[in-house]
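Report on one structure; see the data block that follows.
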Amino acid sequence: MMPEYFEFYNPVKIMCGEAALENIPYELTRLGAHKIFVLISRTMLNDGILERIGGLGKALIETDIPKDSSFAVVKKLAQKALAAECDGVLAVGGGSVLDTAKVVRALISQRKTNPRELLGNEWVQKSSRIIERIPFIMVPTTSGTGSECTSVAVVQDEQTHIKHEIISDQFLPDAAVLDPRCTEKLPPRLTASCGMDALCHAIEAYTGLQKNPLSDAYAVSAVKLIGKNLIAAVREPQSEEYRMSMACASTMAGASFSNSMVGLCHAIAHAMGAVCGVPHGEAVGMMLPKVMRWQLDAVKEEYGELLCAFCGVEYYAEIPYRQRGEKLIEAIEDTLNHLHQKCGIPVSFKDAGIGRKDLRQILAVTINDGASLTNPKPAGREDIWNILQSAL
Amino acid sequence: MEEHREKILQSRTLKRKVVKLILSVLGQGIRVCRNFDEEVRAEFDLLPENFVLIIGIWGSRHPLILQSRKDGVHRIHESVSSLVKKLSVPQVISRRVSLEQPQETRMLEIRCKSVEAAWRMVTAKVSSSQAYARHDLLIKGEITKAMQMLRCIERVESYLFPKSIAKRVLPPQLKIPQKRWRMWIRMLHVGKIKPQRRKRAL
């Protein structure tokens, strides 16, 4: 159904495939950057990614980026970049590195250092007149967050330990580079959990309140690629084709959910991460079938449509119309169980070390997460409590 | 042609005025509910002291400004810029503002993108989650606090809206309160009662 009104924004140039990394110096020069601030995870630095990119000149390299960047870390990095007069940002790493780079870039483009000033949703800063265009390229090294195509960044408040979502178009990079060499050393468990994260992005984007025909197109393609390649990428990590397909799916799912938002599954996963430190991909994977089952009555048709993309047209044609939504949930549960046996990703709270005592706190954080607002089926405290109980 | 343009402008001015009026009713509702509705009180208790909530239309110089203090919620008749100036210099009003809290956590601004967007919300054509989904709402401040405040607004709306409208636009989990006329009576009186005596009177 066509929404009454929708917005879709994705100005990111995608450079995807063999030897994509080597094109970065040209792109940065084309965009007018001279002194680059490189934020890179230490693992990637040691793997020689920067040597592969080459031609970065006198870049300022930063590897001291924690798993969940805090306001203090971001502030320190922005000060460093401003002091060194960097006029371009290159981020190479997983979700945390990319999110940190997004906020740092937004700050230095406004000549600011306080990340709290960016807090909000789609807020246009009064100082937008003085925004300087800082060229920005992202190189994701996991296939899950889709951060390279989203206008969302997550930063932790070091005082309250709350993870704050900031939503702004300023976070989108000029280009995203998907090179199969970036994911070749990814452990199978990480490939599996990131794949589940990407799948959840695509499914929630396809059913979210902000869904629209453009975001749907990205979401369906992403589900199709994940359905075909996730288990294969975990089984045969050396295959470039599977890894590239997953990287591409993750980017498409990111572009989709950036415009249509995620839902309750992400709200709960954010809370599980904040309260119990469960890795995001694992938390999302664990909760996805449970949340889907709870809201099946509200989005049965959409789930039915996704069955075709996830399981293929032949299987879809065999299933009666009314059962398609349920069958999609079963197929996702089967995938999750398969990945659990193959590489140990958790399927229940017990596997993830979450006890009954943590549930109240998870509930309290979930209810205040912005993602729960765009869920297709409104969720109250009691509903969330029942979902959490079902995961014990 | 000229007449048609004039009509559009008049309609926008009228809508702006109606939005302003309904927002002030909402503000009054929040002030009352803060004192007598358990759910609203619980949400406000979680906010930092002297927390400021601004609701209005993007670009409007006179939005609804509410401040949560120990004795209840107060309406502030001040421009946003002077308020921001005050909050960013905590020592000037150190008796009222906690120094430990950075300015950004003590303030939340929720603005509708346009008069039309605000009109759709205040006339209950769309719910707050639908407005958010349509990109009608702009938020400056912590999104977690915005969620708390949206819940409070929905609660207040459950008193203000006629039952049929409330059932249509408010979340199904939200129980529509009984004896809503009490709230209206309290609202008519809230401005007349001195802050320190208000709680007892209610």
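The values are calculated or read from the model by the stated rules, or taken from the named source; none is laboratory data. Note that the structure is predicted; figures quoted are calculated from it, not measured. Note that each Cβ is placed from the backbone with ideal geometry, even for glycine, and that neighbours are counted across all protein chains shown.
Computed values, structure above
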{"quantity": "Top-ranked residue of segment A:323-362 - restricted to ones that are free of Cβ contacts under 8 Å to residues at least 12 places away in the same chain and either of a type outside the set (Asp, Glu) or within 26 Å of residue A:380 (Cβ to Cβ) (or both), ranked as surrounded by the fewest Cβ atoms within 10 Å (Cβ to Cβ)", "calculated": "A:357"}
{"quantity": "Selected residue (only one of A:31, A:82, A:56 is at pLDDT below 95 and touching a Phe, Trp or Tyr at 6+ places or on another chain (Cβ under 9 Å))", "calculated": "A:31"}
{"quantity": "Every residue from segment A:150-175 that is polar (S, T, N, Q) and either part of a strand (DSSP E or B) or within 12 Å of chain B (Cβ to nearest Cβ) (or both)", "calculated": "A:151, A:156, A:159, A:160, A:168"}
{"quantity": "Some residue of segment A:261-273 being surrounded by fewer than 24 Cβ atoms within 10 Å (Cβ to Cβ), more than 14 Å from every other protein chain (Cβ to nearest Cβ) and assigned to a helix (DSSP H, G or I)", "calculated": "yes"}
{"quantity": "Yes/no for residue A:228 being among the charged types (D, E, K, R), modelled with pLDDT of 95 or more, surrounded by fewer than 24 Cβ atoms within 10 Å (Cβ to Cβ) and closer than 21 Å to residue A:312 by Cα", "calculated": "yes"}
{"quantity": "Enumeration of residues in segment A:176-224 that are away from every other protein chain (no Cβ under 14 Å), in contact with a Cys (Cβ under 7 Å, 6 or more places away or on another chain) and buried (at least 24 other Cβ atoms within 10 Å of the Cβ)", "calculated": "A:176, A:178, A:192, A:200"}
{"quantity": "Any chance residue A:371 is under 17 Å from residue A:291 (Cα atoms) and touching a strand residue (DSSP E or B) at 6+ places or on another chain (Cβ under 9 Å)", "calculated": "yes"}
{"quantity": "Hey, residue A:374 surrounded by 22 or more Cβ atoms within 10 Å (Cβ to Cβ) and modelled with pLDDT under 95 or not", "calculated": "yes"}
{"quantity": "Leading residue by the ranking (nearest to residue A:164 (Cα to Cα)) among those in segment B:132-175 that are small (Gly, Ala, Ser) and more than 10 Å from chain A (Cβ to nearest Cβ)", "calculated": "B:158"}
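Per-residue answers, yes or no, for (1) in contact with a Ser or Thr (Cβ under 8 Å, 6 or more places away or on another chain); (2) under 19 Å from residue B:150 (Cβ atoms); (3) of a type outside the set (A, V, I, L, M):
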| site | (1), (2), (3) |
| --- | --- |
| B:3 | no, no, yes |
| B:19 | no, yes, no |
| B:23 | no, yes, no |
| B:30 | no, yes, no |
| B:42 | no, yes, no |
| B:47 | yes, yes, no |
| B:55 | no, yes, no |
| B:63 | no, yes, yes |
| B:66 | no, yes, no |
